[in-house]
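Q: The structure's right below; bear with me while I get my questions together.
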Amino acid sequence: MKKNLTIVCILVILFLLEKTSFPQQQEVEPVKLKMISETLYEVLGGRGARGGVYIGDNGIMVIDAKMDQKSVNETIEEIKKISANPVKYLVNTHSDGDHIKGNQFYPQTVTFISHENCRNEVIHPGRDGSPSEWSNPELAPFMPSITFSDKMDIYLGSGKVELWYFGVAHTTGDAVVYIPEEKTAFLGDLFFINRPQLIHSYKGGNSYEYIKTLTKMLEKLDAEKFCSGHSDIVDRQTVKAHIDEMKEYYERVKSLVEKNKTLEETRNEFKENESRLVETIYNEIKSSE
C-alpha cells in the first residue's frame, strides 16, 4: 500500500514539474470588430496584426488578413453580424506574414490588392534565407492580383477608399489605406508605439527613407486618426512625435559612427530593445560612406 502511495506521489510531482517547466501556449483572444464609425471598424484579436473593415454600399473591403484559418473565419463571422454585403476586396498593407498569410483562407471571389512592390516581396525569402511559402503554386490565387504604383481609388458604391504609396519605409511596398469621409488612415507597420520602430532592411526597408515617407504622408493626407498593425489608434501629433523620435535615433547613431564607434559600441549606448533598430541605422550609414 505504501509502495503504491509512493508511486502516486512521484507521478503527481512529475506532472506538476512538467506543467511548470513548459509554459502553456498563450491563449489567443477571439477576433472582434471595434467600431470607429458606422462604416469603419478595426479588426482586433485573433492571430496576426490588427486590421480594418470598411462597409460600402455594395461591398466590403478588409484591410490585412490575419494569419490562420480560425482567425479569418472569426473575422468573416463578425462581419456578417454588421452587414450582409459580400467581402469584395482585401488590401494587404505590406508583405509580412501577420498581415498577408490569412489571404489563403478567404474565398477566391475576393480580389486581393497591394502595392506592386508588396506583391514582389510576398515571395521574397525570409530573413534567414528560407524560401517563401508563397512560392507554392496552390497559393497563387490568393496573392495580390491587382497592384498600384502611386495612388489608387476604390469605390464601394458612394464610398471611396484611397490607396497611397509614399515611398520606402518599413519595407519597399507599404501601402496606406485612407478613408477620406472618416479622416482615418490604416498604416500597417508604418507605425509602432511603446517599442522601437521595425525596419525590414532585408526587404529593402530603410530608416532614413522611412522618416521622409511618413513626413510626406502627413503632408498629403488630412487624416486625424491613424490605425496600425500593432498599436492603438493615434492622432496626428503622435505620428509627428514618432517621426521626431526616429530623427533623434538617426542623428544619435550617426554621431557615434562619426566617432568611429563599432556596431557593438554603438549598441551599448542604447537600450537592449533598441538594438535591432540601431543596427539597421548603423549599417545604412556605414554602407553610404
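Read the figures in this text as sums done on the coordinates, not as results from a lab. This one's a predicted model, so the numbers in the text were calculated from it and none came from an experiment. Here the Cβ positions follow ideal geometry from the backbone for every residue, glycine too, while neighbour counts run over all protein chains shown.
Q: Report the calculated FRET efficiency for GLU272 and GLU27 (r = Cβ-Cβ distance, R0 = 30 Å), to the nearest 0.05. Let's see the in-between values first.
A: Working: r = 27 Å, r/R0 = 0.91.
Once rounded, the FRET efficiency stands at 0.65.
Q: If you filter the range 104-182 for trypsin sites (Lys or Arg not before Pro), then keep DSSP loop positions with at most 12 other Cβ within 10 Å, what is left?
A: On the way: sites: ARG119, ARG127, LYS151, LYS160; in loops: ARG127.
Answer by residue number: ARG127.
Q: Among TYR202, GLY46, ASN92, whose Cα lies farthest out toward the positive end of the dipole of the chain, if unit charges sit on the beta carbon of Lys, Arg (+1) and Asp, Glu (-1)?
A: Of the options given, the answer is GLY46.
Q: Ranking LEU190, LEU44, LEU156 by Cβ neighbours within 10 Å, fewest first, what do you get? Write down the numbers at each step before the final one.
A: On the way: LEU190 26, LEU44 15, LEU156 19.
By the 10 Å Cβ count, ascending: LEU44, LEU156, LEU190.
Q: Once the Cβ-Cβ distance between LYS183 and ASN260 is put in as r, and R0 is 51 Å, what FRET efficiency do you end up with, to the nearest 0.05? Please report the intermediate quantities before stating the final value.
A: Numbers: r = 47 Å, r/R0 = 0.93.
The pair LYS183/ASN260 has a calculated efficiency of 0.60.
Q: For Cα Rg over 2.2 N^0.38 Å, pick the label among (i) 0.89; (ii) 0.96; (iii) 1.18 that corresponds to the value derived from the coordinates.
A: (iii)
Q: Now for a separate question. Would you please give the FRET efficiency between SER149 and GLU219, computed as 1/(1 + (r/R0)^6) with r the Cβ-Cβ distance and R0 = 22 Å, to the nearest 0.05? It would help to have the intermediate numbers written out before the result.
A: Numbers: r = 19 Å, r/R0 = 0.86.
Step by step, r from the Cβ atoms, then E = 0.70.
Q: So which trypsin sites (Lys or Arg not before Pro) in the range 220-264 end up in coil per DSSP with only 10 or fewer other C-beta atoms within 10 Å?
A: LYS259
Q: Between THR111 and residues 5 or more places away or on another chain, which pairs have amide H atoms under 5 Å apart, with H built 1.01 Å from N, and which residues are they?
A: TYR89, LEU90
Q: Counting Lys and Arg as +1 and Asp and Glu as -1, each charge on the Cβ, what is the dipole of the chain about the Cα centre in debye, to the nearest 20?
A: On the way: 35 positive and 44 negative charges, 147 e Å.
The calculated dipole for the chain is roughly 700 debye.
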